[in-house]
Amino acid sequence: MHPPRPPSIDQGVIALIWAVGLAIYIYFGLIAVGASGATAIVIALVSLAGIWLLVRLRGEDTPVRRRPNRRQP
């Protein structure tokens with residue numbers, strides 16, 4: 001009997017999780033250094049969109065293609 005594998009999660013969902021987590025970190029970081037709440041939320045939301053787009057487009061590993069073995073005659 002094989003051990004159960006975790007479910008497959010879409011790359012867009014993973015990108016959203018990363019973007020939300022990092023946007024929250026940016027928001028609280030800006031609040032901690034004294035930025036106003038409005039400025040912090042705007043920068044955090046813009047960062048969320050940018051991080052989501054970056055991870056969505058560039059975050060997935062591409063599998064390595066193996067060349068078929070060609071035997072010499």
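The values are calculated or read from the model by the stated rules, or taken from the named source; none is laboratory data. Source: prediction; values computed, not measured. Positions of Cβ are backbone-derived with ideal geometry, glycine not excepted, and every protein chain shown enters the neighbour counts.
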- Message: What's the total number of residues in segment 29-38 that are surrounded by 12 or more Cβ atoms within 10 Å (Cβ to Cβ) and assigned to a helix (DSSP H, G or I)?
- Response: 3
- Would you please list the contacts, defined by Cβ atoms under 7 Å and residues six or more apart or on different chains, that run from a residue in segment 1-21 that is of a type in the set (Lys, Arg) and modelled with pLDDT of 85 or more to a residue that is surrounded by 10 or more Cβ atoms within 10 Å (Cβ to Cβ) and in a helix (DSSP H, G or I)? none
- Query: What tally of residues in segment 13-31 results from selecting those that are among the aliphatic types (A, V, I, L, M) and over 14 Å from Leu57 (Cα atoms)?
  - Reply: 8
